[in-house]
Amino acid sequence: MTLDALRTFALFVATALAEIVGCYLPYLWLRQGKPAWLLVPAAASLALFAWLLTLHPQAAGRVYAAYGGVYVAVALAWLWWADGVRPTPTDWLGVGLCLAGMLVIMLGPRAAAA
């Protein structure tokens, strides 16, 4: 894997974490009775998520499609870490398929721009 590919993957992971935290904190407030002030870091995390998406050099649609594969993997890791729910073998298989799809999207040949 090239250094650019590793940077892109790391950026995807950071983007996924920002999105997950931005959604998880309101969940804690709405579903688990945690304090409403959690909405402040949630909003900041979602703003960070949106900004991180702008740092990807590819066309936005391709970035969103490839990012989805990494998001699924990070979300499953979050499930295990934050909620204490151990992923099943089929969860891991699904993550593998999503990451394979992400690699096809990101590493596939591109037609020359018209």
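The values are calculated or read from the model by the stated rules, or taken from the named source; none is laboratory data. All values reported here derive from a predicted model rather than from experimental measurement. Please note: Cβ atoms are built from the backbone with ideal geometry, for glycine as well, and neighbour counts cover all protein chains shown. When the accessible area is computed, the model is the full protein with side chains, heavy atoms only, and any ligands, DNA or RNA have been set aside. Shrake-Rupley method; radii C 1.70, N 1.55, O 1.52, S 1.80 Å.
In this structure, residue 68 does satisfy being small (Gly, Ala, Ser) and under 11 Å from the mean Cα position of the chain (by Cα). Among the residues of segment 1-11 satisfying the criterion of being assigned to a helix (DSSP H, G or I) and free of Cβ contacts under 8 Å to residues at least 60 places away in the same chain, which is least open to solvent (accessible area, probe 1.4 Å)? Ranking the candidates gives 11 first.
Filter segment 44-64 down to residues that are in a helix (DSSP H, G or I) and not aliphatic (A, V, I, L, M) and give me whichever is least open to solvent (accessible area, probe 1.4 Å).
Our first condition is that a residue be in a helix (DSSP H, G or I); within segment 44-64, this holds for 44-54, 60-64.
With the extra rule that they be not aliphatic (A, V, I, L, M), the set shrinks to 45, 49, 51, 54, 61-62, 64.
Working: 45: 14, 49: 39, 51: 138, 54: 99, 61: 54, 62: 84, 64: 119 Å².
That would be 45.
A search for C-beta distances below 8 Å between a residue of segment 24-36 that is under 18 Å from residue 74 (Cα atoms) and any residue that is modelled with pLDDT under 95 and not in a loop (DSSP other than H, G, I, E, B), counting only pairs 6+ apart in sequence or on different chains, returns 24/78; 24/82.
Being open to solvent by 50 Å² or more (accessible area, probe 1.4 Å) and among the small types (Gly, Ala, Ser), is that true of even one residue in segment 35-43? Looking for residues that are open to solvent by 50 Å² or more (accessible area, probe 1.4 Å) and among the small types (Gly, Ala, Ser), one finds at least one in segment 35-43, hence yes.
The criterion of being in a helix (DSSP H, G or I), in contact (Cβ under 8 Å) with a residue 24 or more places away in the chain, open to solvent by 50 Å² or more (accessible area, probe 1.4 Å) and more than 26 Å from residue 110 (Cβ to Cβ) does not hold for residue 93.
Of everything in segment 19-34 that's touching a Pro at 6+ places or on another chain (Cβ under 8 Å) and buried (at least 18 other Cβ atoms within 10 Å of the Cβ), which residue is nearest to residue 68 (Cα to Cα)?
Filtering segment 19-34 down to residues touching a Pro at 6+ places or on another chain (Cβ under 8 Å) leaves 21, 25, 29.
Still in the running and buried (at least 18 other Cβ atoms within 10 Å of the Cβ): 21, 25.
Working: 21: 16, 25: 20 Å.
Among residues in segment 19-34 that are touching a Pro at 6+ places or on another chain (Cβ under 8 Å) and buried (at least 18 other Cβ atoms within 10 Å of the Cβ), the one nearest to residue 68 (Cα to Cα) is 21.
Please verify whether residue 16 is assigned to a helix (DSSP H, G or I), open to solvent by less than 30 Å² (accessible area, probe 1.4 Å) and closer than 30 Å to residue 107 by Cβ, treating the condition exactly as stated. It is true that residue 16 is assigned to a helix (DSSP H, G or I), open to solvent by less than 30 Å² (accessible area, probe 1.4 Å) and closer than 30 Å to residue 107 by Cβ. Checked against the criterion of being at pLDDT 90 or above and open to solvent by less than 60 Å² (accessible area, probe 1.4 Å), segment 65-72 contains one or more residues that satisfy it.
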